[in-house]
Amino acid sequence: MRAGPDHQALDDARVTLVDAAGNVVATTTTGHDGAYAFTAVTLPALKPVTGFVAVTSFISAAQIFDEPFLRTRGGPGDATLSVAMFIYRAAFERQQFGYAAAAGVVLFVLVSTISQIFNRLLGIGRAS
């Protein structure tokens, strides 16, 4: 609602979000509703942080060792056996060091590849 011609400047005001390098990240006009502002300004600003949290959470989930080892030692059976615990068992319980080393390399390659895919899909580390 406009109260008169003197409020026209406020209706056409623009809000611009600029990153540290001076690149325009997002922009919106003040006349839009909250949903538009959220999708046009807030989500693009949170994209790098969200991507970083997703990648680091995936990496730590792939390498989980402490919780299942301390609680169940991988049992009953192998129900809670993680990849890191599998590597530990191969190396220190069965003395199969080469097998454990190969499993560690496979874990590294898988985590690295999937992390790179996440980075490319989410655009982490690239200027817009």
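Descriptive notes on the structure:
- Residues that are modelled with pLDDT of 75 or more, under 22 Å from the mean Cα position of the chain (by Cα) and within 30 Å of L107 (Cα to Cα) do not occur anywhere in segment 24-44.
- For segment 68-85, the tally of residues that are surrounded by fewer than 11 Cβ atoms within 10 Å (Cβ to Cβ) and part of a helix (DSSP H, G or I) stands at 2.
- Test: residue in segment 33-48 that is surrounded by fewer than 11 Cβ atoms within 10 Å (Cβ to Cβ) and either part of a loop (DSSP other than H, G, I, E, B) or among the aromatic types (F, W, Y) (or both): yes
- Taking residues in segment 32-51 that are closer than 13 Å to T16 by Cα, and partners anywhere that are loosely packed, with under 14 Cβ neighbours inside 10 Å and of a type in the set (A, V, I, L, M, F, W, C), the pairs with Cβ atoms closer than 7 Å and at least 6 places apart or on different chains are V41/V15.
- Restricting the first member to segment 90-113 and to residues that are in contact (Cβ under 8 Å) with a residue 12 or more places away in the chain and surrounded by 12 or more Cβ atoms within 10 Å (Cβ to Cβ), and the second to residues that are among the charged types (D, E, K, R) and in a helix (DSSP H, G or I), the beta-carbon pairs closer than 9 Å and six or more apart or on different chains are A100/R89.
- Contact map, segment 63-78: residues that are at pLDDT below 85 paired with residues that are assigned to a loop (DSSP other than H, G, I, E, B), Cβ distance under 6 Å, separation 6+ or inter-chain. Pairs shown: G74/T80; G74/L81.
- Filtering segment 117-128 to residues that are surrounded by 12 or more Cβ atoms within 10 Å (Cβ to Cβ) and in a helix (DSSP H, G or I) leaves F118, N119, L122.
The values are calculated or read from the model by the stated rules, or taken from the named source; none is laboratory data. Here the structure is a predicted model, which is why all the values come from computation and not from measurement. Cβ coordinates were reconstructed from backbone atoms using ideal geometry, including for glycine residues, and neighbour counts include every protein chain displayed.
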